[in-house]
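Some notes on the structure that comes next.
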Amino acid sequence: QLQASGGGSVQPGGSLRLSCAAPGIMFSIYTMGWYRQAPGKQRNLVADITSGGSIDYVDSVKGRFTISRDNAKKTVYLQMNGLKPEDTGVYYCNAYRFVGREKYDYWGQGTLVTVSS
């Protein structure tokens, strides 16, 4: 359902832009998020954006990362600037919404980001 791309290897201070296309869902009504799973660690939220455009970031990426969405293209982006080695990990995109108590939840396949000198 979700197709993530844009990962790669960069040096500290570099930039990458991740994209996640979600052609198979009613994209505009979903909260879209990016999660990171560092080696040997659990998957954690990096940033998300609601259907109404409200945005949250984990403290460690504030001022460096920007999440955005294009509802017409059914795509969410994560612009990552000032990358640090601790940003290394597999980045997953997620889409979710609630209908009553039922959660509709979709994940992309992950894209690897490596920050190293």
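The values are calculated or read from the model by the stated rules, or taken from the named source; none is laboratory data. Computed from a prediction, not measured in an experiment: that's the story for all the values here. All Cβ positions, glycine included, derive from the backbone under ideal geometry; neighbour counts span all protein chains shown. Accessible surface areas use protein heavy atoms only, side chains included; no ligands, DNA or RNA. Shrake-Rupley method; radii C 1.70, N 1.55, O 1.52, S 1.80 Å.
Structural remarks
- Checklist (1) over 17 Å from L112 (Cα atoms); (2) of a type outside the set (K, R); (3) in contact with a helix residue (DSSP H, G or I) (Cβ under 7 Å, 6 or more places away or on another chain) applied to F98, failing item: (3)
- Meets criteria (open to solvent by 30 Å² or more (accessible area, probe 1.4 Å), without any contact (Cβ under 8 Å) to a residue 24 or more places away in the chain, over 21 Å from S15 (Cα atoms) and not β-branched (V, I, T)) for K103: yes
- Hey, T66 within 15 Å of V46 (Cα to Cα) and either open to solvent by 40 Å² or more (accessible area, probe 1.4 Å) or not aromatic (F, W, Y) (or both) or not: yes
- In this structure, L112 does satisfy being among the hydrophobic types (A, V, I, L, M, F, W, C), exposed (fewer than 14 other Cβ atoms within 10 Å of the Cβ) and within 23 Å of S9 (Cβ to Cβ).
Rundown of residues vs (1) open to solvent by 60 Å² or more (accessible area, probe 1.4 Å); (2) at pLDDT 95 or above, yes/no style:
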| site | (1), (2) |
| --- | --- |
| G24 | no, no |
| Y30 | no, yes |
| R36 | no, yes |
| G52 | yes, yes |
| D59 | yes, yes |
| V76 | no, yes |
| V90 | no, yes |
| V99 | yes, no |
